[in-house]
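The values are calculated or read from the model by the stated rules, or taken from the named source; none is laboratory data. Everything quoted here is computed from the prediction, not taken from an experiment. All Cβ positions, even for glycine, are placed from backbone atoms using ideal geometry, and neighbour counts span all protein chains on display. With ligands, DNA and RNA removed, areas are computed over all heavy atoms of the protein, side chains included. Shrake-Rupley method; radii C 1.70, N 1.55, O 1.52, S 1.80 Å.
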Amino acid sequence: MLQEQSDLSLIIAQIVQKLKGSNLYAQLERQAWASLQRPEIKLESLKEDIKEFFKTSGWEKKLQNAVYSELTVFPLPSHPAAPPEHLKEPLVYMRKAQGSWEKRILKSLNSMCTELSIPLARKRPVGEQKELLNKWNEMGTDEPDLSLFRPVYAPKDFLEVLINLRNPNYENGDSLSFRTHLGLIQVPLKVKDIPELKEFFVELGLTTGQLGIDDSTQVPPELFENEHVRIGHKVLAEQDSAAAQQYIRQGSPTALRAELWALILNISGQPEDVLYYEQLKTNVIQHDLLVDSLIYKDVKLTASNDDYYFVFEDYLYQVLLCFSRDTSVLGHFAYNSASPPKSYIRGKLGIEEYAVFYPPNGVIPFHGFSMYVAPLCFLYHEPSKLYQIFREMYVRFFFRLHSISSHPSGIVSLCLLFETLLQTYLPQLFYHLREIGAQPLRISFKWMVRAFSGYLATDQLLLLWDRILGYNSLEILAVLAAAVFAFRAVNLMEVTSLAAAEAVLADLSTLKVMPLLQIFLFATVT
């Protein structure tokens, strides 16, 4: 009990410290001073009167949302004497694996620099700055020669690293469990089984109304959809992040989704946020980074060739180029197992005082990175708002899909959860695919790393991401990946090679997410 209280007081102290540096704190302070002029504020009951004023004027709700937002990304309480790296990742072998993977990425980036004789960063000449500013809203028309650039890495390279991951303290003798022999992921992490997943995703049950199912059946929509929309308007009127997160577990009505996501992510679009985005834009216009070419190349290779997303090419450049300059993103490395790469000012190699983070946000884009932004373009058409939503989605969720950690929403746990579900509930299929050299994870990994973006139809993808936000967890990606295999099991049992299995699962654009999840979780005999 005492331990819980000390944990709680530690969390409160850290959140207060974090909020003290925020814009909201300054606004609350201004409001408190201004309220002193009001007749209802009495000196003898000053504290209570100001609290009451905050409550009635809506500022208390804003503070609650800010605290709730901090709690959703807050690392689990650890021992007070634990070093900072334990907050990043408690398991030493995971930290080491992440460290060596980062070295590989940096080596790849540096070798590209050397080969092409291109600096990591340079100031643009004035003429080039003007040209970029003039075509800022139509960068997609630009056709720079990117043939010599290559993505720093692709998901399949990352998968090979995860396959070779081992816990040195784990007995690798003959007594290994049967499951460990079958799957590609060989690390012992605790993942949920179907009964635990049923409990966790209880609102997805067959008896609960769902957007993504009940709005497309023969049942008159007023029985569920109209009522759900009415409650949605009420949630938005209340401006309560926690209520919005609970509400969205049953899916978000299309018309309310943009506002609900912004409320859950605690993004209000203040004038200073627009100004911050403009500062990032100025930075892009003034300086050219090597990662800019990687971003261009990635957008050209992925979103530009996608039937749903090619129209958003300009938005993607704007958001991703600004993202690469945003030093506020560095804050998430406090709870991310990864560390931002460092570079040194020319001629000062190895001298720490001359070390800078490169790129400034600490995130090197990989093949497919732009697909994290593309679906959001359907919801937000104002670049600074789109940018803020993406940045918050990234520092809450997406970073976990390309860093090595033991977190339940980390990519290692998702891979293990996927393999465990398939092996436990579809053992014949799993064994058959393994025998023909078509390990299921080799097919599903790319879906999970991209959070299914670019694989599902957009309306279905947004219904899936509703649930990621609603449950504050990425585990649903592994469940959906297993559900897709279950859905195509009959065809997959006929295939005799990896290429044939990939062909069966090549097109997911016709799949309906919610029925698949419900059938797999709640209609499968366990």
Checked pairs for the range 128-147, first in contact (Cβ under 8 Å) with a residue 40 or more places away in the chain and under 13 Å from residue 285 (Cα atoms), second in a helix (DSSP H, G or I) and open to solvent by 50 Å² or more (accessible area, probe 1.4 Å), C-beta under 7 Å and 6 or more apart or across chains, list as 129/286
Checking 451, 482 in turn, the sole residue that is modelled with pLDDT of 95 or more, assigned to a helix (DSSP H, G or I) and crowded, with 23+ Cβ neighbours inside 10 Å turns out to be 482
How many residues of the range 134-165 are among the acidic types (Asp, Glu), modelled with pLDDT of 85 or more and under 21 Å from residue 372 (Cα atoms)? The answer is 1
Of the residues in the range 74-88, those that are at pLDDT 70 or above, under 26 Å from residue 264 (Cα atoms) and open to solvent by less than 60 Å² (accessible area, probe 1.4 Å) number 1
The one condition residue 148 fails out of (1) in contact with a helix residue (DSSP H, G or I) (Cβ under 6 Å, 6 or more places away or on another chain); (2) surrounded by 14 or more Cβ atoms within 10 Å (Cβ to Cβ) is (2)
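Table: residues versus (1) farther than 18 Å from residue 393 by Cβ; (2) touching a helix residue (DSSP H, G or I) at 6+ places or on another chain (Cβ under 7 Å).
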position: 245; (1), (2): no, yes
position: 268; (1), (2): no, no
position: 273; (1), (2): no, yes
position: 276; (1), (2): no, no
position: 286; (1), (2): yes, yes
position: 291; (1), (2): yes, yes
Residue pairs qualifying under the 6 Å Cβ cut-off, at least six apart or on distinct chains, with the first in the range 95-120 being among the charged types (D, E, K, R) and the second being outside any helix (DSSP H, G or I) and open to solvent by less than 60 Å² (accessible area, probe 1.4 Å), are 95/89
Of the residues in the range 485-521 that are among the acidic types (Asp, Glu) and not in a helix (DSSP H, G or I), the one that is nearest to the chain's Cα centre (by Cα) is 507
Flagged in the range 212-265 as at pLDDT 90 or above, open to solvent by 10 Å² or more (accessible area, probe 1.4 Å) and outside any helix (DSSP H, G or I), in numbering order, are 253
